[in-house]
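Shown next, in structure tokens, is the structure this report addresses.
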């Protein structure tokens, strides 16, 4: 699986837009990019997934450039409840038959 | 629909003992994966089962084992517990052909 690199931590104020970038230089042709959110003592929660260009759902947007070597998770108008660790994963080309490799994740802290 | 259910939620064991953790996947999900999460090592893949067969295995000693039943429920067992086995153990299930995983809330194991 492609290795990912994310910032260790980020701080932001409530109401602002937060962008977390993930680098994945060795992404394979069939790999997807998936972001998970994790709160303390809970399992990671699926946020968004994409293959190329832009994907948007009710909680976030995912921007993927044409070369797919990086991706950016965008959280609009964050609130205190968005304080969590965010993981970027690359894979999924083997349809469940693989071992997900989590990086260190990005610890996002929202400041009131 | 019901999510991934892990039992027990918390567990305290003594060094040298063994422990069995249980995971019930989302109905219809036949792939079940297990992860260990510690502050020092982050999220690490243990193993993945599909249709009662182990398809993938992480780099853990043989003291860590698992199995999957015909109803897709899975158990993992850790024998001869060590202090370093204290961790949050997470189970995730997936539909074959899907690229997303749903995680349970985990079992917090403390070895004393």
Query raised in the report: Which distance in nm do the two modelled labels at residue A:79 and residue B:11 give, with both placed 7 Å along the Cα-to-Cβ direction?
Result: 3.6 nm
Query raised in the report: Along the three principal axes, how long is chain A when you take its alpha carbons, biggest first, rounded to the nearest angstrom?
Result: 41, 31, 23
Query - Estimated D of the range B:1-63 in µm² per second, where Rh is the Kirkwood radius over Cα pairs and Stokes-Einstein applies at 10 °C, 1.306 mPa s - result: 117 µm²/s
Requested in this report: Would you kindly work out the equivalent ellipsoid of the protein assembly as shown from its C-alpha gyration tensor and give its semi-axes, the square roots of five times the eigenvalues, largest first in whole Å?
Outcome: 30, 20, 15
Report task. Diagonalise the Cα gyration tensor of chain B and give the resulting equivalent ellipsoid semi-axes, square root of 5 times each eigenvalue, largest first, whole Å. Result -> 23, 14, 13
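For peptide A:40-47, what's the mean number of Cβ atoms from other chains within 10 Å of each residue's Cβ? Working shown, then result.
Details: counts 1, 7, 6, 16, 9, 2, 6, 0.
Average per residue, whole number: 6.
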Query raised in the report: Top mean-square fluctuation among A:59, A:78, A:90, Gaussian network model of chain A, C-alpha springs under 10 Å?
Result: A:59
**Report entry** Net length gained if the chain between residue A:67 and residue A:41 were fully extended (0.36 nm per residue, minus Cα distance)
**Finding:** 5.8 nm
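Values quoted throughout were computed directly from the atomic coordinates according to the rules given, and no laboratory measurement underlies them. Predicted, not measured: the structure shown is a model, and the values here were computed from it. Cβ sites come from the backbone with ideal geometry, for glycine too, and all protein chains shown count toward neighbours.
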